[in-house]
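The values are calculated or read from the model by the stated rules, or taken from the named source; none is laboratory data. Because the structure is predicted, anything quoted here is derived from the model rather than measured. Cβ coordinates were reconstructed from backbone atoms using ideal geometry, including for glycine residues, and neighbour counts include every protein chain displayed. Heavy atoms of the whole protein, side chains included, go into the accessibility calculation; ligands, DNA and RNA do not. Shrake-Rupley method; radii C 1.70, N 1.55, O 1.52, S 1.80 Å.
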Amino acid sequence: FQNEINEVPFFDVQLPYELALKIFQYLGKAELGRCAQVSRTWKILAEDEVLWYRLCQEEGYLLDMSISDHSCWKLALKNCRAREHMLKTNWKNRVGAVSQLHYEPGRVLCDAHCCDGVVMAGYTSGEVRLWDTRTWDYTAPVLAAVPGPGGAGAPPHVSFVRINSSLAVAAHEDGTVSVWSLLLGREPIHHFQHNQHIQALALAPGGAAVATASGFQVRVESPDDRGFWQTPGTFEIQKLVNFLNLVPDVTGSPVAVAAAEDIVYLLKAEDPGRILHSVYGQPVTCLDVAAHEAAFGIKTFGWLLNEPNQILLYNLETNQCVTKVGNSIGDFSCVNLHSSPPNMLVAGNKDRRVRVFDLRRGAAACSVHGHQLGVRAVQMDEWKIVSGGEEGLVCVWDQRMATKLWEMHARHPVRLVWFNSHSLITANIPEEKNPRGSSITEDDPSLHRKYRGVIYSYEFSVDQLAVDSVLPICRSSYDEVSGYNYNIGLAVPYDSI
């Protein structure tokens, strides 16, 4: 019937279907619903797939699909909005499932990193392990290490791990750096060696560049067009590097931002010695980098005691300070710029507060207090904030209300917080890698699990009415002796016994 409509009654005129469709493109969901009640012709026009496909794209749903992928885009938009509402409700009420990413006894967690639900962890045994939390029947592989000189002895402790959508990188205590491809298997595709201990490791979020800082040297490695790894830049700097990041979405040679005590460097192959910021006696306490900007916290003391600690935002194209935010007595211990909403920034402080700054106004939009020993990791989106503390507490906050929704506690400091719309990954990493009371032997299985650190994975898209959607770890049998739910709904038997 739709194909037979050549003219659409539009008040006192008759319009061609294509012209009437262009007029209806200016209407929203509510207006299209009202127009669909006018007449049969208007109903067909108001439910045209082109209109609802455009609305679905404008609201950010199913962006990777074409108009031919769905037969009813109005229903698709309704389902997407219902799922988003369910996820938001589950986040607020802590409804879902929680899992621990376990590892065998006798290994202490050294570092963890996450990208799009894939978790990478390094241990004191020198082993590196991956978990894909998007597929729960996935067995976590151990990435093969580069054999040491002579092939004897266990690999040293893992210092840092980093992962993006295509690469995984691990740095060891002896200065060895290994690079794996997530598409090619467990064997490393590249490795190189530093003579000294590695202080910082960085991996480009969307590219294939790796940066390391060892001693007074920063080294950048990246593959060329044929896949052969090379060193486009080696930079000699004046002080030891505390923080290191690679600028995302850079065409050409990689660009790194390094903070060495009170100096911030912008390291480019064509301009190796550029200093972005330097004030004597004001060390940098945290650093984060987005595509065009860098944000870092500075600590003021000595003769500048009356000046509070601040976060500076620099433009990486003009190398100029854009704005200064924050007036805090405590040191800023973490800052998140790259995953925050546009013109927003979230930072954690040693004064136990989490602050959200509006960079357009240069003022704090929200400030919440909840961690007893300072904040170690933060991330935010449009409506919530997730923060991890030194005392092992993970808090979820409602940004608009500035109130705590819920919290979870573990033994060790929270070093990693990552979330998307439906899942949350946190890692509690011990400060002490060789706890007292453990055996002298490296692989002693008697090391108590409370010393090892743990990675938690929370899934909020679990429909409590559908058993198939419950994670396998939560599908318990009546033979189990004990169970817990952390106020998180589980499958049978514990929620309906």
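Tabulated results
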quantity	calculated
Wholly within region 372-478, strands (runs of 3 or more DSSP E) carrying at least 3 residues that are modelled with pLDDT of 75 or more and under 14 Å from residue 109 (Cβ atoms)	414-419, 423-428, 454-459
Filtered residue count, region 355-370, keeping only those that are closer than 18 Å to residue 403 by Cα and open to solvent by less than 70 Å² (accessible area, probe 1.4 Å)	9
Residue 81 vs. criteria over 30 Å from residue 425 (Cα atoms), out of contact with any Phe, Trp or Tyr (no Cβ under 7 Å at 6 or more places or on another chain) and open to solvent by 70 Å² or more (accessible area, probe 1.4 Å)	no
Test: residue in region 64-77 that is out of contact with any strand residue (DSSP E or B) (no Cβ under 6 Å at 6 or more places or on another chain), within 25 Å of residue 457 (Cβ to Cβ) and of a type in the set (Gly, Ala, Ser)	no
Flag if residue 208 is touching a strand residue (DSSP E or B) at 6+ places or on another chain (Cβ under 6 Å) and part of a loop (DSSP other than H, G, I, E, B)	yes
Scope region 99-124; condition under 21 Å from the mean Cα position of the chain (by Cα) and crowded, with 21+ Cβ neighbours inside 10 Å; matching residues	109, 110, 111, 112, 113, 114, 119, 120, 121, 122, 123
Verdict on residue 373 being open to solvent by 60 Å² or more (accessible area, probe 1.4 Å), more than 22 Å from residue 323 (Cα to Cα) and either touching a residue at least 12 places away in the same chain (Cβ under 8 Å) or in contact with a helix residue (DSSP H, G or I) (Cβ under 7 Å, 6 or more places away or on another chain) (or both)	yes
For residue 61: the one exception among (1) in a loop (DSSP other than H, G, I, E, B); (2) loosely packed, with under 12 Cβ neighbours inside 10 Å	(2)
Scope region 209-232; condition out of contact with any Phe, Trp or Tyr (no Cβ under 9 Å at 6 or more places or on another chain) and open to solvent by 40 Å² or more (accessible area, probe 1.4 Å); matching residues	216, 224, 225, 226, 227, 228, 230, 232
Considering residues of region 125-136 that are within 24 Å of residue 434 (Cβ to Cβ) and open to solvent by 10 Å² or more (accessible area, probe 1.4 Å) only, the residue modelled with the lowest pLDDT	125
Test: residue in region 137-144 that is modelled with pLDDT of 90 or more, among the β-branched types (Val, Ile, Thr) and assigned to a strand (DSSP E or B)	no
Residue count, region 16-49 (criterion: open to solvent by 40 Å² or more (accessible area, probe 1.4 Å), farther than 22 Å from residue 70 by Cα and assigned to a helix (DSSP H, G or I))	5
Residue 52 under 22 Å from residue 79 (Cβ atoms), crowded, with 16+ Cβ neighbours inside 10 Å and either among the aromatic types (Phe, Trp, Tyr) or free of Cβ contacts under 8 Å to residues at least 12 places away in the same chain (or both)	yes
Sole residue being over 19 Å from residue 205 (Cβ atoms) and modelled with pLDDT under 90, chosen from 304, 312, 240, 276	304
From the options 184, 244, residue that is among the hydrophobic types (A, V, I, L, M, F, W, C) and within 20 Å of the chain's Cα centre (by Cα)	244
